[in-house]
Amino acid sequence: MKKELAQNRTAAFILTAFLIILCMGSLAYLFIRRSGGSPDGQIIRIYRDSVLIEEIPFDAIKEERRVRYSTPDGGYNIVSFSPEGVSITEASCPDKTCIHIGRIRDSSLPLVCLPNRLVITISDPEEDSTAPDAVSY
Amino acid sequence: MQKKNSKKINTGLLTELALLTALALAVYGAESALPALLPIPGLRLGLSNIITLAVLRRNGARSAALVLTARILLAALLFGQPVSLLYSLSGGFLCLLSEILIDHILRKNYLFLTSAFGGLIHNLGQLLAARLIMGSPAVWLYLPYLIPAGILTGLFVGLCAHFLLKLLPSRPADSRPQKTFKS
């Protein structure tokens, strides 16, 4: 009985350590990544349902313009492109998380709308790491 | 005979599980009315997991799976969009599986650890679903936010489940054969 309890405590200790390391790792990663580069020369890519629907060079945006992206099932997102960055200003979904993400300027975080399956990323022209791969088909 | 009986759900257990499912659904509805704390897609407190965890402890894995399935399907019907069903299913069931596993390893001690792992795996499951639905690896960039968030919300859920288990009547309606009366 006593041995069992000790084993139990060891297991709990290992699991706790695992969680703490995972937490620290993520926070450290977030801290390091903070320094985003300049968006000049980057490409804005817009995906829906894993298909690239539009590519816009960041430098081509001289003044703010708003574009409406609609889904086949009636949902929509209105995306604002401006020299300061890209943001979603209006969405048909109930949670509005994509609007609250705010404006993005670099590759550190994509704009994501889960209900409308829309992903907007900013990345290097050659590095299309965000392109859909074979797994998703 | 006894073995056959233990596989059946008796009326007491059925009623208790139905009541807890309704409770989970109410909590889920109340939570979806709250504004999100941080603008991270998929980030929620996951309060309805309190019920799942409590049922897992009280009535076992099979009952917890029943309550979880009923809750997810009803919640999608009442509050959600069709897409959110996929996120809930992958998150919910991976969460339950990990909780069953961790609860078994820890021999039903350290409830907070079980729920912390549940929260973590829940978020990983949802992100995996998002990865498959969106088809863009860019969603992995949310992983470093969702790992600590899942662990923290999991700890909170574990705390709540601990108190819920204390508040619920001490003798659970279980699947043990009860006295049967011949008519």
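Here B:Leu77 passes the criteria (1) more than 14 Å from chain A (Cβ to nearest Cβ); (2) modelled with pLDDT of 90 or more except the one numbered (2). Determine, yes or no, whether A:Ser26 is polar (S, T, N, Q), facing chain B (nearest Cβ under 10 Å) and closer than 25 Å to B:Gln126 by Cβ. The answer is yes for A:Ser26. Checking the structure you have, find out if any residue of region A:18-30 is outside any helix (DSSP H, G or I), surrounded by fewer than 12 Cβ atoms within 10 Å (Cβ to Cβ) and not basic (Lys, Arg). Scanning region A:18-30 turns up no residue that is outside any helix (DSSP H, G or I), surrounded by fewer than 12 Cβ atoms within 10 Å (Cβ to Cβ) and not basic (Lys, Arg).
The number of residues in region B:126-146 that are crowded, with 23+ Cβ neighbours inside 10 Å and farther than 17 Å from A:Arg48 by Cα comes to 2. Entry remark, region B:92-103: residues being farther than 8 Å from B:Gly118 by Cα, within 14 Å of another protein chain (Cβ to nearest Cβ) and touching a residue at least 40 places away in the same chain (Cβ under 8 Å) number 1 in total.
Taken together, A:Ala12, A:Ala91, A:Ala17 contain a single residue that is in contact with a Cys (Cβ under 9 Å, 6 or more places away or on another chain), hydrophobic (A, V, I, L, M, F, W, C) and within 14 Å of another protein chain (Cβ to nearest Cβ), which is A:Ala91.
Does A:Leu52 satisfy the condition of being surrounded by 11 or more Cβ atoms within 10 Å (Cβ to Cβ) and either at pLDDT below 80 or not assigned by TED's automatic domain parsing to the domain that holds A:Val86 (or both)? If you could, list the steps in order and put the result at the bottom.
On the way: surrounded by 11 or more Cβ atoms within 10 Å (Cβ to Cβ): yes; either at pLDDT below 80 or not assigned by TED's automatic domain parsing to the domain that holds A:Val86 (or both): no.
The answer is no for A:Leu52.
The values are calculated or read from the model by the stated rules, or taken from the named source; none is laboratory data. Bear in mind that the values here come from a model prediction, so they are computed numbers and not experimental data. Please note: Cβ atoms are built from the backbone with ideal geometry, for glycine as well, and neighbour counts cover all protein chains shown.
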